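This report concerns only the one structure given below.
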Amino acid sequence: MKNSNFQPVGFKVSYINNYPKGKTDDPEPFLLSTYAMHWCMMATFMNRLFTREDMKEFLFRLAITLDTLKVMENWFSCDRLMNFSYRNHLHELTAHDILLHYGLEVTDSVCNGKEREFYMSHIAMGIRNAMFAGAFEGYQVIGPEKKGKQTTVISGEKHLPNVTDQLIKNAEFFACDILKGAPEGFFEATNPAKTEKIKEIEARKKAIADLPKFDITLIPDRIIHQCLKTMMQPETYRYYTEKAGRDEFEEEKYRLVYFAWLWANGLMVSDGLSACEAEGIHLDHEQYEFRDDAGGINLLQTYENLNVGKILPLLKGVGIRIE
């Protein structure tokens, strides 16, 4: 969905200088190493490689995430990093392959990658996400575990590295060492597509900075209770207003009113089948657990189940903090 936090995942190679073109009769439009790069960037929470620092951070995270594959040992002993599979055939990924993909984008986010603190506390999730994404097209660096004929387990827990101070130190050295192989001026080179993309990202960041900020204390109690009566079943409303503790009530009040406020102020995006918050808005989907028929969390279904449409006029233009 355009201008939302839900951004499609795929390969964008037009920002890469001199990306090798396949033959006109070649049915495979990408280098096979691009699939491995996509897997690795998903696993390390890197969205694009647009700067020298992006590439350094990616290499640092790669060394940690794939420590169980002995990536650093492979690099120092035999000048390759790891094997990857593409449609049941094994291939090698080298440091040259990685540098070749400077400029690659795999997720169209306003940030080039998640913060390192987030990455370090979600390594298993990153591996799982990459496994899941690669499973659809048949490419993996670490593949799902087969259990029996019919069961496939997608989990990163088994491959979690033991992150020690020494591993971090080695990963930093590894990243810097590979960067030395880049030719002079390599990270300064650009192209028109990348220049335009950078301008677009800056404009999106400015739009995010200008988004209205929610402040529930600016909404009159009368409106809040009208909203809660509409969104809750009568017995649920009585429980939260008469029996629940203050903290429990405040938490549920904030959860529901914030969700409705986003809709009322144009900060949710919907395609008629599902919905997502606008780009730059924080919304924990797990807090809205009406499940759709496929077992996922469909915020459009949540909108309907909570009768949000009936209270939009009450919340439009209110609860906005001026900074």
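Below is a table of values for the structure above.
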| quantity | calculated |
| --- | --- |
| Those residues of segment 65-85 which are of a type in the set (Ser, Thr, Tyr) and over 24 Å from the mean Cα position of the chain (by Cα), in sequence order | Ser77 |
| Residue identified as surrounded by 12 or more Cβ atoms within 10 Å (Cβ to Cβ) and either free of Cβ contacts under 8 Å to residues at least 12 places away in the same chain or not assigned by TED's automatic domain parsing to the domain that holds Leu299 (or both) among Glu252, Glu248 | Glu248 |
| Close pairs (6 angstrom Cβ cut-off, 6 or more residues apart or separate chains): of a type outside the set (D, E, K, R) in segment 67-89, loosely packed, with under 13 Cβ neighbours inside 10 Å anywhere | Asn83/Leu90 |
| Within segment 196-229, tally of residues that are in a strand (DSSP E or B) and surrounded by fewer than 14 Cβ atoms within 10 Å (Cβ to Cβ) | 1 |
| Subset of segment 109-124 [crowded, with 16+ Cβ neighbours inside 10 Å and out of contact with any Asp or Glu (no Cβ under 8 Å at 6 or more places or on another chain)] | Ser109, Lys114, Tyr119, Ile123 |
| Test set (1) at pLDDT 95 or above; (2) surrounded by fewer than 18 Cβ atoms within 10 Å (Cβ to Cβ); (3) of a type outside the set (S, T, N, Q); (4) touching a Phe, Trp or Tyr at 6+ places or on another chain (Cβ under 6 Å) - Ile154 fails condition number | (1) |
| Among (1) touching a Leu at 6+ places or on another chain (Cβ under 8 Å); (2) small (Gly, Ala, Ser); (3) not in a helix (DSSP H, G or I) - the single one Ala124 does not satisfy | (3) |
| Residue ID - modelled with the highest pLDDT, chosen from residues in segment 269-298 that are farther than 24 Å from Lys205 by Cβ and in a helix (DSSP H, G or I) | Gln287 |
| Filter pass, Ala260 being under 25 Å from Lys213 (Cβ atoms) and either under 25 Å from the mean Cα position of the chain (by Cα) or at pLDDT 95 or above (or both) | yes |
| Of all residues making up segment 159-185, the number that are closer than 13 Å to Ala95 by Cβ and in a helix (DSSP H, G or I) | 6 |
| Matching entry among Ala203, Ala189 (being among the small types (Gly, Ala, Ser), touching a residue at least 12 places away in the same chain (Cβ under 8 Å) and at negative phi) | Ala189 |
| Count of residues meeting criterion [without any contact (Cβ under 8 Å) to a residue 40 or more places away in the chain, out of contact with any strand residue (DSSP E or B) (no Cβ under 9 Å at 6 or more places or on another chain) and not aromatic (Phe, Trp, Tyr)] in segment 103-150 | 9 |
| Yes/no for Asn129 being polar (S, T, N, Q) and either farther than 17 Å from Phe58 by Cβ or at pLDDT below 90 (or both) | no |
| Test for Glu188: is it out of contact with any Lys or Arg (no Cβ under 7 Å at 6 or more places or on another chain), assigned by TED's automatic domain parsing to the domain that holds Glu57 and not in a loop (DSSP other than H, G, I, E, B) | no |
| Meets criteria (at pLDDT below 90, part of a loop (DSSP other than H, G, I, E, B), more than 19 Å from His96 (Cβ to Cβ) and of a type outside the set (D, E, K, R)) for Pro27 | yes |
| Single condition Lys253 does not satisfy, out of (1) modelled with pLDDT under 95; (2) more than 25 Å from Ala207 (Cβ to Cβ); (3) part of a helix (DSSP H, G or I) | (1) |
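The values are calculated or read from the model by the stated rules, or taken from the named source; none is laboratory data. Everything quoted here is computed from the prediction, not taken from an experiment. Positions of Cβ are generated from backbone atoms using ideal geometry, with glycine treated the same way; all protein chains shown enter the neighbour counts.
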